[in-house]
Amino acid sequence: MKQEKLRTVIVEDNQQVLQYLRDHLEAMENVVIVGTAESVTSAKRLLTQKVDLLIVDLGLPDGSGIDLIRIAKSVGNTTVIVVTVFGDEVNVVNSIEAGADGYLLKDADQKTMAKALGDALNGVAPISPAIAGHLLQRIRQNKETSLPPGLAEETDVYLTPREVEILEILAKGFSYKEIAQIQNVSFHTVNEHLKAVYRKLAVNSRGEAVYEAMKTGLINP
Ligand code: CA
């Protein structure tokens with residue numbers, strides 16, 4: 001049976017980055033680029049069709065890519081990868097809350113980017129170790145400044161010890177495949193555990209799961 005191609009939209013106002021992403025994605029067998037946009041306004045028009053994969057920049061001339069993430073996540077089953085510059089942790093957290101599935105750093109080398117995109121296309125959304133580290137640091141700082149020592153936000157969610165372990169490894173930036181190797185279980189098992197975690201935390205992406213679990217103290221950075 002012929003595999004259906006992933007209908008992909010790229011939103012990026014930097015011509016060089018756009019060209020790079022387009023070249024790379026077009027080279028992938030299972031991808032078809034159905035449109036590119038350089039602004040929020042023109043991207044909104046592209047999102048009225050069925051889109052499987054959205055690659056989106058955050059800083060756009062007429063607004064924020066975060067609005068586009070919200071739209072994409074509300075209308076369909078779209079995987080959203082944010083292309084961002086390092087150090088923009090406020091935007092990263094906001095993107096996670098809007099439902100982004102993963103991140104690519106703009107200064108990532110070609111190999112890192114290729115791997116991250118490949119993972120995303122295989123249903124393993126990338127959150128780069130650099131971004132994960134950054135998030136951990138931010139959450140740690142938040143805890144120190146805004147919460148009494150040792151007190152995380154209250155939560156009723158219960159995760160099994162195995163789920164906590166897997167989530168902690170995930171937070172370090174490992175892929176599902178790597179987690180399976182570390183835990184000595186199958187990819188399928190990891191996937192099932194994480195599905196349960198997503199359900200319990202009421203989240204839709206890996207980034208959100210890690211963020212929620214850390215915020216509520218279910219896992220320790
Ligand atoms: Ca930009």
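Taking the average, over residues, of other Cβ atoms within 10 Å as the packing measure, peptides 73-82, 22-31 rank 73-82, 22-31 from highest down. Between Gln181 and Arg45, the simple label model (points 7 Å from Cα in the Cβ direction) yields a spacing of 4.6 nm.
For Tyr103, the residues whose modelled amide H falls within less than 5 Å of its own, excluding neighbours fewer than 5 places apart on the same chain, are Val82, Ile127, Ser128. Around Leu46, under 12 Å between beta carbons, what's the net of Lys plus Arg minus Asp minus Glu among the other residues? With Lys, Arg at +1 and Asp, Glu at -1, the net is +3.
Using a cut-off of 18 Å between Cα atoms, the listed pairs Lys115/Lys177; Lys115/Lys215; Lys177/Lys215; Lys5/Lys50; Lys44/Lys73 include Lys115/Lys215; Lys177/Lys215 as exceeding that distance. Charged neighbours of Leu18, selected by a Cβ distance under 14 Å, balance to -4 (K, R count +1; D, E count -1).
FYI, it's all coordinate maths here, none of it is from the lab. From a predicted model like this one, the values you see are computed outputs, not experimental measurements. We place every Cβ from the backbone using ideal geometry, glycine too, and count neighbours over all the protein chains shown.
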